[in-house]
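Have a look at the structure below before the remarks.
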Amino acid sequence: MIKNLIPAAAVFVLIVSAYPQQQRKTNFVAISPNVSINSIVRKAANVVPSPRQLAWQKMEFTAFVHFTVNTFTDKEWGDGTEPESVFNPSAFDARQWARVCKSAGMKQIIVTAKHHDGFCLWPSKYTEHSVKNSPWRNGKGDVLKDVSEACREYGLKFGVYLSPWDRHEPTYGDSPKYNAYFRNQLTELLTNYGEVDEVWFDGACGEGPNGKRQVYDFESYYKLIRKLQPQAVIAIMGPDVRWVGTESGYGRKTEWSVLPVSQQARDKIAADSQNDIAFLPLGDMTNEDLGSRDKLAKASALVWYPAEVDVSIRPGWFYHASQDSKVKTAEKLVDIYYSSVGRNSLLLLNLPPDRRGLINEHDIKSLMGMREILDKTFNENLVANATVTAGSAEKGCAPSKIIDGKFDTYWAAKDGVSSAEIVFVLDGEKQFDRAMLQEHIPTGQRIEKFKLDAWQDGHWKQFTEGTTVGYKRLLRFPAVKTQKVRLTIQQSRTNPTLAEFGLFKSPDW
Ligand code: FUL
């Protein structure tokens, strides 16, 4: 909720993507005044993720780890007066975190290097308020070092949460001084721990001890990140990844990754395009509709800005023993998965370590239960051996590519065709209750409306439908038995593409 306290802000990046055989595509496009809505819609359909955004989206499921003095004081927000001596995990083991995340199918860990209380989990040179003055490992410990090494060992990516709001640091509120302090801390994080793939900024902002409100120089933070870790996405208060708008775990049923930006934004982007960065205010990211045709109609520019769903496995972001009985169940986590990953978003699930410094047994049980259900559901794609036909196909984009198990090869309807029927004849009659669609987003996000029918008793019978697809759309419906399935793309912003399609059967309980 704190993300609403100040106007959201973002920067945008002009990147020419390297997809051969296609027009040069970028993750930003300007719209000239007085162009028709049809032309805007077509432009929207050709905005694509930057390489760093695409790599991020492909992770699908990542971990957030909230850990600091709050873990020991039983709070959600520390006020910055907590003595360093409270931080003393008895059995800290970052490899356990990585092992758990890896076996849950997560692809990255983002750790709270510093939360609002200002306590640093690494021995920062710029403050005394850190692990170096705690009893943990006699002040010689460094959580960031251990976590980054464990991530590398287990083949996970590594990200950092660094709270701009700092309730301990005396320079906070003295804007230029604190901005320099913050950049120094960022530099430590981005130079001492190997590759960093996501930098996560919350928008919380307050007054410093001088009674003045801190003005964050986000633009300078972004420049530093681009310089030191150019592959890293900058999330939430940043240009690459947007907050979905709630912390419930549930994304929108209609989720567009291409959003309109304002005139002011457009001018700023044009002015800054040589620097790879531009700074601009965006509207309210909690709105239900961010990217429909109605929204596009008023756009001065369009940008690829995909959604991230952050949610905690517990009611709080930090560990509280009193919440051990309130850990989300495996079934609830599965529901969240379908409603985030399955709705064109990335799921960032928080697993807060306990006072030992370990992910707690209760959380592990739910997480592994979730993994088991997902594995049992998605282990066999029932259309894998089907025969696929489509009314129209672009050269080199045959319908068979939809079921070749490779995201990078895809079917596309011919240019100028914005609806399509694709028929899958399965190798025998099958029963299924889950469907998966993936658009080839390096070509753009296009599908606006689709439905699925089964051939039963001599005619087509609809069993599910949807709106947007994007990187991934998952659908749940009562079990259907058939040998023939028809996917109808009823509306698309320009010729639709599909990278993958799947039908699955969830396990019986
Ligand atoms: C929020 C913070 O205030 C919470 O404590 C938590 O870190 C969450 C992910 O972002 O805005």
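The values are calculated or read from the model by the stated rules, or taken from the named source; none is laboratory data. Keep in mind it's a predicted model, so treat the numbers as computed, not measured. Cβ placement follows ideal geometry from the backbone for every residue including glycine, while neighbour counts extend to all protein chains displayed. Only protein heavy atoms, including side chains, enter the accessible area calculation; ligands, DNA and RNA are left aside. Shrake-Rupley method; radii C 1.70, N 1.55, O 1.52, S 1.80 Å.
Note on the stretch 1-104: enclosed helices (runs of 4 or more DSSP H) holding 1 or more residues that are within 16 Å of the ligand (Cβ to nearest atom) and modelled with pLDDT of 85 or more are 69-73. Only residues that are outside any helix (DSSP H, G or I), of a type in the set (Val, Ile, Thr) and either in contact with an Asp or Glu (Cβ under 6 Å, 6 or more places away or on another chain) or under 21 Å from residue 100 (Cβ atoms) (or both) were counted in the stretch 359-386, giving 1.
Checking residue 444 against (1) open to solvent by less than 10 Å² (accessible area, probe 1.4 Å); (2) in contact with a Phe, Trp or Tyr (Cβ under 6 Å, 6 or more places away or on another chain), which test does it fail? Unmet for residue 444, out of (1) open to solvent by less than 10 Å² (accessible area, probe 1.4 Å); (2) in contact with a Phe, Trp or Tyr (Cβ under 6 Å, 6 or more places away or on another chain): (2).
Within the stretch 318-358, the set of residues being crowded, with 22+ Cβ neighbours inside 10 Å and under 12 Å from residue 64 (Cβ atoms) comprises 318, 346, 347, 348, 349, 351, 352, 353. Scanning the stretch 393-403 for residues that are part of a loop (DSSP other than H, G, I, E, B) and without any contact (Cβ under 8 Å) to a residue 60 or more places away in the chain, we see that the one that is surrounded by the most Cβ atoms within 10 Å (Cβ to Cβ) is 393.
If we keep just the residues of the stretch 278-313 that are in a loop (DSSP other than H, G, I, E, B) and within 16 Å of the ligand (Cβ to nearest atom), which is least open to solvent (accessible area, probe 1.4 Å)? Here the residue is 313. Might you check whether a residue that is open to solvent by less than 10 Å² (accessible area, probe 1.4 Å) and outside any loop (DSSP other than H, G, I, E, B) occurs anywhere in the stretch 244-257? No, there is no match, as no residue in the stretch 244-257 is open to solvent by less than 10 Å² (accessible area, probe 1.4 Å) and outside any loop (DSSP other than H, G, I, E, B). Selection of the stretch 194-215 for residues being out of contact with any Ser or Thr (no Cβ under 6 Å at 6 or more places or on another chain), of a type in the set (Gly, Ala, Ser) and more than 13 Å from the ligand (Cβ to nearest atom) yields 208, 211.
Among the residues of the stretch 177-193, not a single one is more than 19 Å from residue 120 (Cα to Cα) and more than 16 Å from the ligand (Cβ to nearest atom).
When restricted to residues that are free of Cβ contacts under 8 Å to residues at least 24 places away in the same chain, away from the ligand (no atom under 16 Å from the Cβ) and assigned to a loop (DSSP other than H, G, I, E, B), the stretch 314-354 contains 0.
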